[in-house]
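What follows draws every value from the coordinates through simple rules; no lab data is involved. A quick note: this is a predicted structure, and the numbers were derived from the prediction, not measured. Neighbour counts are summed over all protein chains in view; Cβ atoms, including those assigned to glycine, are modelled from backbone coordinates with ideal geometry.
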Amino acid sequence: MAKNTKNNDWKGRLNVVYSTNPDFHYETEETEEVSTLPAGQQKLRVQLDRKNRGGKVVTLVTGFVGTDNDLKELGKLLKSKCGVGGSAKDGEIIVQGDFKEKVLDLLKREGYTQTRPVG
């Protein structure tokens, strides 16, 4: 006899094994994905950063509100247009090197009108 494991969500429950309260709802670790704001409403900040990078300069774009896929897509665009590497995670894009002015121009061309340089 095979067990039905599709409805068994005990692994997703947090801190409660069993409750006798019929109205009790279990907490789960699911987080809601934030929808991406339109480009004109994004308030991005572009700055140069040297902290914890061995003295090397990176261009840091912060303040992105949206899904991880949209963040990575914007990061890929900026990195390819600048011809360098970098990363895009946790709401920020890191572009290796001093490309502050070029990144600002690229963002404005893409419709990000509320971008501003910091520092």
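For Arg45, neighbours were defined as the other residues whose beta-carbon sits under 13 Å from its Cβ, and their charges (Lys and Arg +1, Asp and Glu -1) total +1. Positive contributions from Lys and Arg (+1) and negative ones from Asp and Glu (-1), summed over other residues with Cβ under 11 Å from the Cβ of Gly63, come out at +2. Note on Lys51 and Leu77: the extension gain reaches 6.9 nm, defined as 0.36 nm multiplied by sequence separation minus the Cα-Cα distance. Projected label points at Gln41 and Asp23, each 7 Å from Cα along the beta carbon direction, are separated by 3.6 nanometres.
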